[in-house]
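Reading through the structure tokens given below for one structure.
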Amino acid sequence: MGTPPYTVVTGDRPWPARYTFSPAVRVGNLLFISGTTATDENSQIVGRGDMAAQTRQIFRKFERLLAAVGASCDNIVQTVDYIVATENYRATADVRREFFKHAFPTATGVIVAGLLREGALIEISAIAVIPGPST
């Protein structure tokens with residue numbers, strides 16, 4: 001096995017070796033962020049039953065990953081939202097306004113029957129364009 005053509009980005013927290021995926025990978029000036037749920041540092045769901053609180057927690061996690069490569073949520077160009085609780089999905093719009101100050105990224109919403117993390121109402125993945133020289 002050779003070296004992968006990307007750099008793993010874990011942000012400011014250690015990433016457990018038991019996981020078989022990376023929280024984010026950087027390829028050149030692109031950062032691909034894995035589907036992320038609203039968990040805290042103890043892997044517990046934040047904001048049970050509250051779509052806005054869960055969306056906010058996910059974007060806070062994105063902020064930490066993006067900060068590790070010198071970027072912010074304004075560098076995100078695409079999101080994909082996997083949504084269980086469609087009746088509360090409009091709450092995510094207000095939260096997005098908190099995190100995207102200049103322009104909104106493209107977005108896709110997918111209604112799903114359930115997510116792997118019990119209690120998760122939403123899971124979001126993202127792609128960001130990182131400023132500066134590529135790695």
Q) Say each of Asp12 and Val27 gets a label point 7 Å from the Cα, pointing the same way as Cα to Cβ; how far apart are those two points in nm? A) 2.9
Q) Ratio of Rg to Rh for the chain, alpha carbon only, Kirkwood? A) 0.96
**Q.** Magnitude of the charge dipole, the chain, Cβ model with Lys/Arg +1 and Asp/Glu -1, debye to 20
**A.** 180
Q. What FRET efficiency, computed as 1/(1 + (r/R0)^6) with R0 = 25 Å and r the Cβ-Cβ distance, is obtained for Glu98 and Gln78, rounded to the nearest 0.05?
A. 0.85
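Taken together, the values in this text are just the output of simple stated rules run on the coordinates, not laboratory data. For clarity, every value in this text was computed on a predicted model and none was experimentally measured. Neighbour counts are summed over all protein chains in view; Cβ atoms, including those assigned to glycine, are modelled from backbone coordinates with ideal geometry.
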